[in-house]
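The values are calculated or read from the model by the stated rules, or taken from the named source; none is laboratory data. The shown structure was predicted, so the numbers you read here are calculated from the model rather than taken from an experiment. All Cβ positions, even for glycine, are placed from backbone atoms using ideal geometry, and neighbour counts span all protein chains on display.
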């Protein structure tokens, strides 16, 4: 009933509906922003924090034994931890497209990493106008509706702080044209390969960072600027509903971290010889990698602390997750085997096996989400747009593939469940995956003509080592039909295309 009222109400009426909803579990004394002088309640704030290349097992509440993440663990203890949550894709740009638009990879506009598709002449004009040094990725078109646009239309102040990767300034994918009042950070993911950049973007303005030269160290660590900007955004908008999207860049390579954070692990973690490939080389990569994640964790704590200090805990849904699985082959000095980054799951970044796409998701909403709760509901990035839409009272676009997770989060009403979750990924040889309940189907090397679907029972074999396709032809046939039905042609990406690194 409440969802129907929120969806059909006009923006000013939605505040009255939220006043009734929030009046149940939250008392007037504990609810800092329950109603304005006219008795109208604002919908809750939303803070979505997305780490970059963080594995399922790289935080303490998901089993990590070496890297310390006390503030993320605290969020899980104060709220809900999802065990079967999935990123949109096994690499960066398509995963973020799925997140922003609520469409799975069979329908998403961006399905792999790759550069913009403007003509050379158009690119040169844009570079000259905006002083680009990095080209950006394929821009999402004007016709795509993002979660930020939906929330902005409901009266939310909106900010994206961190890494965008869905179109440079001046293109249709410009974050300011896709629902964000404020963008601060790296627009292009190639620019984001160094944590001591020469500049960051504030909307279309290039902001220099003196003392940084894209070397191994510098004066200003980009993560610290993201935290500083996020804290100010919260202060500036504490009296109105806000959406704060924090696509952070840690622990994506290069391995870099301020010295004071490195000292928390220096000499405590053994280092092992390796052949360095790609990115900058750190002298103690194990210690520095762990320190990066703990540094990020501390900054997340600062954001949560400010929310609580301002009395906004009951008004603010906070979520933390990651965009895809951890790095492979000790690239840049990373070591996913040493840290058990995928928590024993098969595959890493770039793979549609569980280790490449299953991710942490923790959610806290004080007074609404039960503390120390766990959900085993299979869900994915494309469920977050309808979830936030229900929270805000926005109309969900008809072509969205996700379902709202709000009934699970607040333990109210029946949760709509997916019959299946799907992934189509042209990179790394061409891959598809589908999950139906306990069953997981995987197809690899499609660029070489392979059409065989592997089948795994995730309840009995979460490591995906025992292919049981021959024993369950009916399940395989159903999965193959769904993969055909859920596929749509793309002007830019093909499963038969040459594999990309």
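Collect the residues in region 105-149 that are closer than 19 Å to residue 487 by Cα, in contact with a strand residue (DSSP E or B) (Cβ under 8 Å, 6 or more places away or on another chain) and surrounded by fewer than 24 Cβ atoms within 10 Å (Cβ to Cβ), keeping them in residue-number order. Before the answer, list the steps.
Filtering region 105-149 for residues closer than 19 Å to residue 487 by Cα gives 105-113, 140, 144.
Pick out the ones that are also in contact with a strand residue (DSSP E or B) (Cβ under 8 Å, 6 or more places away or on another chain) and you get 105-106, 111-112.
Hit for region 105-149 is 106, nothing else.
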| query | Can residue 98 be described as buried (at least 24 other Cβ atoms within 10 Å of the Cβ), in contact with a helix residue (DSSP H, G or I) (Cβ under 8 Å, 6 or more places away or on another chain) and outside any strand (DSSP E or B)? | reply | yes
| remark: Only one of 264, 275, 260 is at negative phi, part of a helix (DSSP H, G or I) and surrounded by fewer than 21 Cβ atoms within 10 Å (Cβ to Cβ), namely 260
| Restricted to region 466-495, and to residues that are out of contact with any strand residue (DSSP E or B) (no Cβ under 8 Å at 6 or more places or on another chain) and not in a helix (DSSP H, G or I), which residue is farthest from residue 347 (Cα to Cα)? | 491
| field | Evaluation of residue 362 against (1) surrounded by fewer than 24 Cβ atoms within 10 Å (Cβ to Cβ); (2) under 27 Å from residue 76 (Cβ atoms); (3) modelled with pLDDT of 95 or more (one fails), failing number | value | (1)
| task | Can you give me the number of residues within region 405-460 that are at pLDDT 95 or above, assigned to a loop (DSSP other than H, G, I, E, B) and under 19 Å from residue 474 (Cβ atoms)? | result | 9
| request: Determine whether region 458-473 contains at least one residue that is buried (at least 18 other Cβ atoms within 10 Å of the Cβ) and either more than 24 Å from residue 361 (Cβ to Cβ) or without any contact (Cβ under 8 Å) to a residue 60 or more places away in the chain (or both). | output: no
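Which ones in region 157-188 are assigned to a loop (DSSP other than H, G, I, E, B) and either outside the structural domain of residue 115 (by TED's automatic domain parsing) or closer than 18 Å to residue 48 by Cβ (or both)? Quick ask: steps written out before the conclusion?
Narrowing region 157-188 to residues assigned to a loop (DSSP other than H, G, I, E, B): 164-174, 178-181, 187-188.
Within region 157-188, 164, 165, 166, 178, 179, 180, 181 meet the criteria.
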